[in-house]
Amino acid sequence: MSQEKAAQANEEQLQEGIEAGSIEVIAAPPAEAVQGPSEKELREFLAEAQQKAEAHWNDLLRVRAELDNVRKRAARDVENAHKYALERFVTEFLPVKDSLELGLSAAQQTADIASLHQGVELTLKMFSDALSKCGVQTVEPAGEKFNPELHQAMTMEESREAEPGTVLTVVQKGYLLNDRLIRPALVIVAKAASDTAGP
């Protein structure tokens, strides 16, 4: 069977189906309904999309520049913090150094032990004040309950006066820097006295 005859047979079957009502014919939509947006509408849409893209690109460039400035500022701040971290510390301790130098000079010119002793006491007070201003606190727990977080026990000693577990003697003071332990206090801790008498 040739192609023409096959096409004609198909068309006849289709026509019979339409006449019999088994095939429903749907009308084609009008040409204007199938037609997409006009060229003018497409150009307007494209122009609007380009404006938005340009605005977003400018925003991105601005944010990148701001981020770069923040990074540079942070790097500069960190560098300055490393460079000048001890500035306050040095400022507080320069007067102590001056006082020690004056005391040493005075010691060479006088033999008065009382005035030298007084000068050393004043210098020590100045030194302690400077440490305090820098956030250093002294741990001197004589008579307090032993605290393993702040104290280091050197030994234990029997005591009838002190309660067991309390600090009898501070061998070396401890220090905190802004509530963080820098050095524990070395202490001797009391223990209960044994009641057994020796021979």
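The values are calculated or read from the model by the stated rules, or taken from the named source; none is laboratory data. Note that this is a predicted model, so its numbers are computed, not measured. Backbone-built Cβ (ideal geometry, glycine too); neighbour counts: all protein chains shown.
So the values come out like this:
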| quantity | calculated |
| --- | --- |
| So residue 62, is it in a helix (DSSP H, G or I), modelled with pLDDT of 90 or more and not small (Gly, Ala, Ser) | yes |
| Cβ-Cβ under 6 Å pairs, at least 6 apart or on other chains, the range 103-117 side free of Cβ contacts under 8 Å to residues at least 12 places away in the same chain, far side surrounded by 12 or more Cβ atoms within 10 Å (Cβ to Cβ) and of a type outside the set (Lys, Arg) | 107/116 |
| Exclusive hit being under 25 Å from residue 86 (Cα atoms) and β-branched (Val, Ile, Thr), set 171, 139, 167 | 139 |
| Scope the range 153-198; condition of a type in the set (S, T, N, Q) and more than 37 Å from the chain's Cα centre (by Cα); matching residues | 155, 159, 166, 169, 194, 196 |
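Yes/no per residue for (1) more than 27 Å from residue 99 (Cα to Cα); (2) assigned to a strand (DSSP E or B):
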position	(1), (2)
122	no, no
125	no, no
137	no, yes
149	yes, no
152	yes, yes
155	yes, yes
162	yes, no
187	yes, yes
190	yes, yes
